[in-house]
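Below: one structure, written as structure tokens.
The values are calculated or read from the model by the stated rules, or taken from the named source; none is laboratory data. Remember, it's a predicted structure, so these values are computed and weren't measured experimentally. When we count neighbours, we look across all protein chains shown, and the Cβ atoms used for this are built from the backbone with ideal geometry, even at glycine. Accessible surface areas use protein heavy atoms only, side chains included; no ligands, DNA or RNA. Shrake-Rupley method; radii C 1.70, N 1.55, O 1.52, S 1.80 Å.
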Amino acid sequence: MLILITRTGGFAGRERTGYADTLCRPDGAALERLAERVLSTEAPSARHPVPDGFAYSLHLAAR
């Protein structure tokens with residue numbers, strides 16, 4: 001599984017993207033369970049913008 005994380009915002013408003021390929025990691029199964037748990041959790045509906053705060057998005061792709 002490929003886990004893709006994107007972070008936006010912050011002081012400079014830059015976007016950063018990183019990924020983890022769980023097939024190549026000894027803790028891959030644990031990372032997959034954690035990512036699936038995060039995606040199954042409902043995000044808070046009333047979010048207020050925070051100056052210089054970060055926003056994260058998580059995407060999973062099957063391999």
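In table form, for the structure just shown:
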{"item": "Carbon + sulfur, % of accessible area of the chain - ligands and nucleic acids excluded, 1.4 Å", "result": "56"}
{"item": "Cα-based radius of gyration of the chain once divided by 2.2 N^0.38 Å, which approximates compact folds", "result": "1.29"}
{"item": "Approximate spin-label separation Cys24-Phe54, in nm, with each point projected 7 Å along Cα-to-Cβ", "result": "2.2"}
{"item": "Ranked order, Val38, Val50 - accessible area, probe 1.4 Å, largest first", "result": "Val50, Val38"}
{"item": "Solvent-accessible area per residue, Å², over the chain with all protein chains present [probe radius 1.4 Å]", "result": "84"}
{"item": "C-alpha long axis of helix 28-40 to longest principal axis of the chain, angle in °", "result": "40"}
{"item": "For the stretch 18-26, Karplus couplings with θ = phi - 60° (6.51, -1.76, 1.60), whole Hz, Gly/Pro x", "result": "x, 9, 9, 9, 5, 5, 9, 10, x"}
